[in-house]
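**Student:** Below: one structure in structure tokens.
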Amino acid sequence: MSNLIVIVPSRGRPGNIKELAQAFADTKASAELLVVLDDDDPTLNDYLSLEGDFSFLALPREGRGMAKPLNFAARKVINDYDHFAFMGDDHRPRTIDWDKSIVDVLDEIGTGLVYGNDLLQGKNLPTAVAMTGNIVRALEGMVPPGMIHLYLDNFWMTLGQDLHSLHYLEEVIIEHLHPIAGKAEWDQGYRDVNAEEIYSADAIAFSTYIQSQAYRDLIAQLT
């Protein structure tokens with residue numbers, strides 16, 4: 001197995017992936033970068049023409065949001081990596097060897113989740129997150145089924161807390177260039193996944209899963 005794969009769903013933002021890959025190179029990261037695309041993305045050829053140390057996985061689009069693409073990609077490589085991470089295409093690692101710092105903690109704890117400082121939510125939420133592979137294999141993905149896009153970081157935080165293994169690395173900067181921080185424009189992609197109906201649906205899906213027997217079984221399996 002390889003140490004760490006970083007899965008990044010993206011749509012309509014090939015420039016973001018170019019910048020993210022450059023950030024990996026600038027920070028001397030050895031983690032593998034896998035970009036998950038929709039096969040109907042109008043900018044698909046722009047993505048595929050990019051050069052850099054990363055790979056692509058294109059799949060049929062199933063509605064809005066990154067939860068399904070994230071889980072699909074994780075299941076494709078579920079037995080190939082020790083650890084799994086998520087970043088948005090609007091995250092940028094800034095700390096040299098950030099991935100080594102994360103892997104060192106994951107190797108030490110055996111089971112759990114690790115996140116760095118996104119310069120927006122900081123310790124409050126893991127907007128980018130890494131987790132041990134046994135979590136992904138037990139969950140059969142990186143997020144619960146039925147979620148769309150929002151409340152994923154709430155789930156990761158709750159899971160880490162319930163496992164008593166949530167680790168925040170303040171010195172590891174993985175900057176979140178989100179419109180809320182004034183670091184990106186509100187493009188159609190942001191508007192689509194921040195719609196009120198998605199907030200409502202994901203809030204219900206998150207709450208329902210956390211209270212389910214499936215979640216209790218997950219915690220029991222991992223502890």
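**Student:** Rounded to whole Å, give me the distance from the Cα center of segment 137-178 to that of segment 25-87.
**Tutor:** 17 Å
**Student:** Rounded to the nearest 0.05, what FRET efficiency do Asn45 and Ile180 have when you use their Cβ-Cβ distance and R0 = 35 Å?
**Tutor:** The value I calculate is 0.70.
**Student:** Tell me what the chain gives for mean residue ellipticity at 222 nm when only DSSP H runs of n ≥ 4 count, each as -39,500 (n - 2.57), the sum divided by the residue total, rounded to 500 deg cm²/dmol.
**Tutor:** Rounded to the nearest 500, it is -11500 deg cm²/dmol.
**Student:** Here is a further query. Lysine pairs in the chain with alpha-carbon atoms under 21 Å apart, 8 or more places apart or on different chains: how many are there?
**Tutor:** Total qualifying Lys-Lys pairs in the chain comes to 6.
**Student:** Still on this structure, I have one more. Taking other Cβ within 10 Å of each residue's Cβ, how do Leu218, Leu120 sort, fewest first?
**Tutor:** Ordered by Cβ neighbours within 10 Å, fewest first: Leu120, Leu218.
**Student:** In whole Hz, what ³J(HN,Hα) sequence does segment 11-19 give by Karplus (6.51, -1.76, 1.60; θ = phi - 60°), x for Gly and Pro?
**Tutor:** Values, residue by residue: 8, x, 9, x, x, 5, 5, 4, 5 Hz.
**Student:** Also, I was wondering about something else. 5 Å is the cut-off here: which amide hydrogens, built 1.01 Å from N in the peptide plane, fall below it relative to Leu33, excluding neighbours closer than 5 in sequence?
**Tutor:** Result for Leu33 returns Val6, Ser55.
**Student:** In addition: In what sequence do His164, His91, His178 fall when counting other Cβ within 10 Å, fewest first?
**Tutor:** His164, His178, His91
**Student:** Taking the Cβ of Gly112 as the centre, find all other residues whose Cβ is under 15 Å away and add up their charges (Lys, Arg: +1; Asp, Glu: -1).
**Tutor:** Net local charge, Gly112 excluded: -4.
**Student:** Also, quick follow-up: So if I restrict to the alpha-carbon atoms in segment 2-222, what is the Rg, and what is Dmax, the biggest pairwise distance, in Å?
**Tutor:** Taking only Cα atoms of segment 2-222, I get Rg and Dmax of 16.2, 45 Å.
Bear in mind these aren't lab numbers, they're just calculated from the coordinates by the rules spelled out. From a predicted model like this one, the values you see are computed outputs, not experimental measurements. Every residue, glycine as well, gets a Cβ built from its backbone with ideal geometry; the counts of neighbours run over all protein chains shown.
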